[in-house]
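The block underneath contains the structure these notes are about, expressed in structure tokens.
The values are calculated or read from the model by the stated rules, or taken from the named source; none is laboratory data. These numbers come from a predicted model, not from an experiment. Positions of Cβ are backbone-derived with ideal geometry, glycine not excepted, and every protein chain shown enters the neighbour counts.
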Amino acid sequence: MYPTRGRNGGKAHAAERPPHACRTMDCSAVEWADASVLPEASSRCILLFRDRKRGMLTRMSRILLALPAILFTVSTSTAQEAGGDPTAGQRVFNQCRACHTIEAGGRNMVGPNLHGVVGRQAASIQGFRYSSAMRAKAEGGLVWSEENLRAYLRNPKEVVPAGSMSFPGLRNQQQLNDLIAYLRQQR
């Protein structure tokens, strides 16, 4: 094992440094691992150190300590992009509230109640008067899967051309993902 503190004011002599040690650092702050453990091709020393003068972790240690948090943040944001954010979807759903309710057992308005819509057969809410085009699609087996909802919410007239829904559609992909995540949550 190499010393953690050298002579001459904490600086190690060149003879005390292993061949793989970083020669540009103040060696008084470096604790080296056993050189026999490291591969021969290694050009950097293993740094497990504290800056003794300031009592703080040095830059490399801070980066190493922050790496798990950075990876967690990236993976969380990637998951939200893929699946959407239900909280943001609730805000997007405010556009739909003029015609639809989302509460369990909520009343039908201009449009049907949308509680539990993901995975539900189209035109299946009792007591709501659907357009003939929507009833025909339902008889053809239309189920509101996430894929079908995505297409319908993007452009309702593309899925049900003669349907009565006057909504022009959501063009923003992130809003669409968020809204579907919110609808999926309402079961």
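Checking the conditions here, which among Phe93, Phe167 is among the hydrophobic types (A, V, I, L, M, F, W, C) and modelled with pLDDT under 95?
Numbers: Phe93 fails: modelled with pLDDT under 95.
Only one candidate passes the filter, namely Phe167.
Could you grab me the full set of residues in segment 96-114 that are touching a helix residue (DSSP H, G or I) at 6+ places or on another chain (Cβ under 9 Å) and free of Cβ contacts under 8 Å to residues at least 40 places away in the same chain? Hit for segment 96-114 is His100, nothing else.
Has segment 113-128 got at least one residue that is at pLDDT 65 or above and loosely packed, with under 11 Cβ neighbours inside 10 Å? Looking through segment 113-128, at least one residue is at pLDDT 65 or above and loosely packed, with under 11 Cβ neighbours inside 10 Å.
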